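Would you mind keeping the following structure in view while I ask a few things?
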């Protein structure tokens, strides 16, 4: 059984594991106040060319999302996202549990457009009853999106401008940011993100680390007291250095993007094979998640040797499924999958 | 200026005001523990033929909704409603502020169907990732709906059955319950509601009282400690007798439905006139809210003498508006409005 | 049975009731946007000599407390109060339900001192682990306090200064503010409160209104979007004019303080009688609440004709009880109570 | 610099690190549904002799506390603990952020007694205004306590009985449970805990793991839907097997208690030395935390070579400090510390 169902099936990349072993008996202060965290934060700030930003390390994505969103909103304010946004559909109401409405706008590929965001905001303020409606204040996007799509620089610039003109904040969930930045069609860089977002995070869990997300708070107005909020939400890791060590490793010698690029290349091989086989694909992406419609007959066979993620029935005989590659995926695994797909689809 | 924009533009019906004046200097214990509250609760239980139910009096609808919903759900559970449901669009995220996701299902008239509710629940439990999704546990409906529609007994029985078969709870927002029960097309009674709902409330604010909603908790499992929750949410009125006195009056000699019937009859006159004039009406209802599409040119003129509620632009030259009657609306006011509509629409 | 157990046993003062009757059939817009609310707010701002402040009307005290406190704090911030503070002991955890810790500091009379507040704040920031502790940001005081004590101008000035020097906010719960301002020992005025507090409210429920508290937001930084928050917490009364009408009446021709003064004078007669009888009184106050220790034997007899509030057993044969007067208390009622106390205590 | 300030200064015990390395490239399903988690849970259930209990793995203590407490309480219910309880003073209001009041009862050593708990509960229900007060429903204790004290079996049995007789739930925070169970004076076992508590957790973070706490839900009524709640609070680790692997290792061949015993023995050496030197110690404990009062002069010198935790000034010349040992502390480190203490104190 080879697992393509998600991108968190293995442990960590060898460089990280080695580093954890080497430093295991060092004594450091707790809760992220150690030198490794400081060093990792420094490297991230340099990579982002954002010396005024603040970096904090959290264990996971839902934790990062709920901590950030509840930190920046007042109680009556809501967060606007794409309908398939992770916070809207796959976090068990974690954002609402902190008191805030999540407003999902329709999106076939998981992206939000500047026009959508502007339209929602303008509609709110034009409504005479707006005080009876949760106030849009924060825009949440994911790059790559939950459907594998990758934002272009032009799209992100338009979104950022739409937000700033209206006093809204822009938050980018980068659980798969490396896979987005390493995709063929990408033209964004970390400095672009730091310039265009108020806050974003760089995913580690799905990109080579055992766990961890690096939150970058670019907007100085949002930096105050963030460590209190991490602690309150249960996200302050006692042995915080584990996070520092991992991100320090990922941001040394370009490892983070190198791992992502390799996963994306394998994903593109798979994508091309699926297209060649005529499988409908809702999004054409160069990132590590590939969604395709396949006959249930094929999927039943495929499921004996491979794990994939079932996304839903599209007609009585076909389903939409997701295949993920990751930093840990090997060429031979993809070759074998493609070979079997070709065999089964004919 | 005559106000048809909503059904809470005047004070209280004379019977209530007189009662408040008569009893003003009586001394009673506070917080709803007085005899008037007890007496009013008793009359409501009798009207509902539900001796095992519990009755609590709250000041307003949003307060009732948030207190009830947060009282009956565990943190990971959500409430399912129609997209135009009041809790979804007009309470500034009040439900989310208590920690719970509100899931809106599409609905042109504001009603939910048994099939929709069953489908949502079944889909949740069929999803392998259901632990990552807020769990549907409570169904919220309004009668009449936010668009003036009235549930039939068959519809409510089907909904109730769909919920009970699945372990979901059914909560009915009756802010305009009198206007629903008094509508021509209605075939429901208070005993039906008490039998089919787990919890519902009987609106006073819009139906003759200065303020007040009577929450009826039919399901004994939901009755425990409800007064703690009222207090915690800020809904325990110090001079609770004001609520008891008002509902006691409304439930004496059929006053509640008598007031509602009179308002509905005037609304039907208006509805018939609008239909005669060829104004599109999204819902044909016998309750006190009438929604119609009118030319903006007509509305501009009308607005000089009447208040109506603007619901949205439907095309560059037409808008959807709402007219409400209430217990306080007079025949001559409706006559004048109909006369002016006829004059302006020709 | 004459009730001295609390100050909300009757309805409203006749001036208010008459006003409600006179205006009953007027049509006004809803949710506090009517002229009466505006007019009442204007009179309050004038009484406070605070033209830049904002006034909002809420139905009750717990609602006012939870709405204000959750409006001004970020999630990790707590509110500091005296241990017997209403929010700490008599609101069923309403503040915590909005997400905030309430820190109670010891206080025999319900007052906080500048020194206590400064000490708590300084201790927080001196602690190396302060990010692991809820951050003190808001100070909550009551005037008169839950034990009947009345703040002096010097005390409030010191508290205000201690807060401002540290970036803390000062919030005064004035559920019984009239009774405090009308007390013999009081030297504070409404303009003093507006100058020294960031936010406070003027109680109506216990001071002549059917219900209602007027929140005065003096600090402009706290004014933004407050109506959203009122709506979200369920506190936006549909027929908001009921609040405007009541406060407009109370702030016409000095009615508010006149009613309070009369109640305080009767309370002082009672206090003097209790002192003369040798009953220990934990606080000597000129406001409308009088706490005294009485023999249980006397209380048992007294309870046949009078309601009082039992505060706790102090030894096997004595209890602490509270007597309240109000705007509705009559001289003959107090005379009778004093007569019976004298008879029973001898 | 040798760190005795806390028990989370190193990484993991070698057995765990080796296991993580060995399994690094295995592919497993996510979110704790893998075989390692199942296997670890099984071993814990066997160690607890509690086949009906449920085991869940969380990353840290605050996360475990807030997830458990908010899972088992209704909104109006509070948790009762000792004043120095971790949830009361060192979690930045994490419990309140989920909506619940934390009531701290006085305790010099961090323990609660059955009598205290019973007294608080009885007092609540005897109060005529109890609906205005948060309802005590859950008792939170820590073993060992935040001051190093260890519960006896008699104490825990009394507490458990006091809770069960009143319908309260008992929750034990075992962040340092191993150090408690391995202490000389301990007479409790894991099966005792499983029998006497409704829910407890077995700390890993401070006891040999990189991170992780194993929550054991003994009371079947509290088991439903717990995974939803973990997800909602941000505690569901994507690579959940990391937790399973660590606890599987700790519960193989008695490693967990072996590591704890070794730490406790070193702590007792330090304790004996401190007592011999005449340093006042507020609690005499055989667990891994030792609190002592030392001259500031000594502490200043000591601080050059050792990290300790400063707990507070007790007089102008003395402070209370904490020394911790852990699974990673070596005999030579303790020898050196004791030697230096002897030198400096003379």
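Just so you know, all these numbers are worked out from the coordinates, no wet-lab data involved. Bear in mind that the values here come from a model prediction, so they are computed numbers and not experimental data. Glycine gets a Cβ as well: all are built from the backbone with ideal geometry, and neighbour counts include every protein chain shown.
What residue among C:237, C:112, C:138 has the largest mean-square fluctuation in a Gaussian network model of chain C, using Cα springs under 10 Å?
It is C:237.
Further question: Order by neighbour count: C:142, A:70, fewest other Cβ atoms within 10 Å first, most last.
A:70, C:142
Per Stokes-Einstein, at 10 °C and 1.306 mPa s, what whole-number D in µm² s⁻¹ belongs to the stretch D:19-121, with the Kirkwood radius over Cα pairs as the hydrodynamic radius?
96 µm²/s
Take B:251, C:171 and order them by how many other Cβ atoms sit within 10 Å, fewest up front.
Ranked by crowding around the Cβ, least crowded first: B:251, C:171.
Among chain D residues, which Cβ is nearest the axis of the D-onto-B rotation, and at how many Å?
Result for the axis mapping D onto B: D:99, 3.
When the convex hull of the Cα atoms of the stretch D:110-265 is projected onto a plane and the area is averaged over all directions, what value comes out in nm²?
10.5 nm²
Of all DSSP beta bridges in chain B, what percent run antiparallel (nearest 5)?
55 percent
I need A:80, D:283 ordered by Cβ neighbour count within 10 Å, fewest first.
D:283, A:80
Give the whole-number value, in cubic angstrom per residue, of the convex hull volume spanned by the C-alpha atoms of the stretch B:282-346.
92 Å³
In peptide D:323-330, how many Cβ atoms from other protein chains are near each Cβ within 10 Å, on average?
1
Follow-up question, since we're still on this one. Taking Cα pairs under 8 Å and at least six residues apart, what relative contact order does chain C come out at, in percent?
It comes to 24 percent, rounded to a whole number.
Now for a separate question. Stokes-Einstein D for the stretch D:205-324 at 10 °C, 1.306 mPa s, Kirkwood Rh over Cα pairs, in µm²/s?
Answer from the Stokes-Einstein relation: 90 µm²/s.
Same structure, new question: Can you give the Kirkwood hydrodynamic radius of the stretch D:90-171 from its Cα pairs, in Å with one decimal?
13.7 Å
What FRET efficiency comes out for residue D:129 versus residue D:154 if R0 is 30 angstrom and r is the Cβ-Cβ distance? Round to the nearest 0.05.
The formula returns an efficiency of 0.30 here.
Can you give the calculated 222 nm mean residue ellipticity of chain A, where each DSSP H run of n ≥ 4 adds -39,500 (n - 2.57) and the sum is split over every residue, rounded to the nearest 500 deg cm²/dmol?
-12000 deg cm²/dmol
If you find the alpha carbon centre of the stretch B:1-61 and of the stretch A:20-58, how far apart are they in angstrom?
If we compute the Cα centre of each part, the gap is 62 Å.
Rounded to the nearest Å, what's the spacing between the alpha carbon centres of the stretch A:62-80 and the stretch D:242-303? Just the number, please.
Between the Cα centres of the stretch A:62-80 and the stretch D:242-303 lies a distance of 40 Å.
Give me the log10 of I(q) over I(0) for chain B at q = 0.06, 0.07, 0.08, 0.10 Å⁻¹, as the Debye formula computes it from C-alpha points; what are the numbers?
With no solvent term, the Cα-only Debye profile gives -0.22, -0.30, -0.39, -0.61.
Would you mind telling me which residue in C:118, C:82, C:175 has the biggest mean-square fluctuation in a Gaussian network model of chain C, where springs connect alpha carbons within a distance under 10 angstrom?
In this elastic network of chain C, the residue with the biggest mean-square fluctuation among C:118, C:82, C:175 is C:118.
Quick check on the protein assembly as shown: of the DSSP beta bridges with both residues there, what percent are antiparallel, nearest 5%?
55 percent
Out of D:322, D:261, D:233, any idea which swings most in a Gaussian network model of chain D, alpha carbons joined below 10 Å?
D:233
Continuing with the same structure: Roughly how many Å is it from the Cα centre of the stretch D:101-134 to that of the stretch C:147-186, as a whole number?
Centre-to-centre (Cα) distance: 30 Å.
When you look at the Cβ of every residue in A:9-21, what mean number of other chain Cβ atoms sits within 10 Å?
Across the residues of A:9-21, the mean count of other-chain Cβ atoms within 10 Å is 5.
What number results when the radius of gyration of the stretch D:59-118, computed over Cα atoms, is divided by 2.2 N^0.38 Å?
Working it through for the stretch D:59-118, the quotient is 1.10.
Can you give me the relative contact order of the stretch D:167-276 as a percent, contacts being Cα pairs under 8 Å and 6 or more apart?
Computed over the stretch D:167-276, the figure is 28 percent.
May I ask you to give the average projected area over all directions of the convex hull of the Cα atoms of the protein assembly as shown, in nm² rounded to one decimal?
That works out to 51.9 nm².
While we're on this one: Take every residue in peptide B:39-48, count the Cβ atoms of other chains within 10 Å of its Cβ, and give the average of those counts.
Average per residue, whole number: 0.
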